[in-house]
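Each reported figure results from applying straightforward, stated rules to the coordinates on display, with no laboratory input. These numbers come from a predicted model, not from an experiment. Backbone-built Cβ (ideal geometry, glycine too); neighbour counts: all protein chains shown.
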């Protein structure tokens, strides 16, 4: 084993036991937009104990009626579980929430399902490593209504042992596709697929607009565009 690998192993071992222990039937979810709420519901439906936190705390009230536990602070949310799932607007939101409580990140597994660039993802992974936490990148290729369906897919990258240790829990949300150790890879795959998606969606809307301008209804055009 070379010195860099030995150093990495030593650093990983010093974090705690996130790849070998912990309560596999409990999880914290931070961020309760439509996607975060769908994830919480999926966990609750599978019997998980779920602690939730959102900057607008009222968003947790409906989930509490289903059995979720609302944390009164980010500190409490982090303290509740080893596995913490972030469903936020972007990675800047992660820093806004976690920077002030970074001392609480020791030993935590942060699964960030927010969208951003591969470069920002790598920076965030380094930032969390410096605070003795693990980072798994996730790119969710599903809408909120598709959460809880194994036919949907989330792309992941990061430490393979951490991914495997929590894979069963992550597969409550969707099927998983592990892309490699580089934390930026899952986000890169995610972004280039989103690029194809939005380009296709814009061309779809443009085609319907042109058809309508020449008197072709959506009903008339739909069979042809569906075949494409």
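Here are the numbers for the structure shown:
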item	result
Overall dimensions of segment 89-202 as given by Cα atoms, namely Rg and Dmax in Å	14.0, 45
Cα-based Rg and Dmax for segment 71-112, where Dmax is the largest Cα-Cα distance (Å)	9.6, 24
Length-normalised contact order of segment 25-153 in % [C-alpha pairs under 8 Å, at least 6 apart]	24 percent
Contact order relative to length of the chain, as percent, for alpha carbon pairs under 8 angstrom and 6 or more apart	16 percent
Separation between Cα centres of segment 39-117 and segment 180-228, rounded to whole Å	32 Å
Mean residue ellipticity (222 nm) of the chain, computed from DSSP H runs ≥ 4 via -39,500 (n - 2.57), nearest 500	-14500 deg cm²/dmol
Estimated FRET transfer efficiency when R0 is 45 angstrom, pair residue 213-residue 92 (beta carbons, to 0.05)	0.65
Residue among 127, 53, 198 with the largest mean-square fluctuation in a Gaussian network model of the chain, springs linking Cα atoms under 10 Å	198
Burial ordering of 129, 28, fewest other beta-carbon atoms within 10 Å first	129, 28
In nm, spacing of pseudo-spin labels at residue 151 and residue 198 (7 Å Cα→C-beta vector)	2.7 nm
Cα convex hull volume per residue for segment 3-188 (Å³)	101 Å³
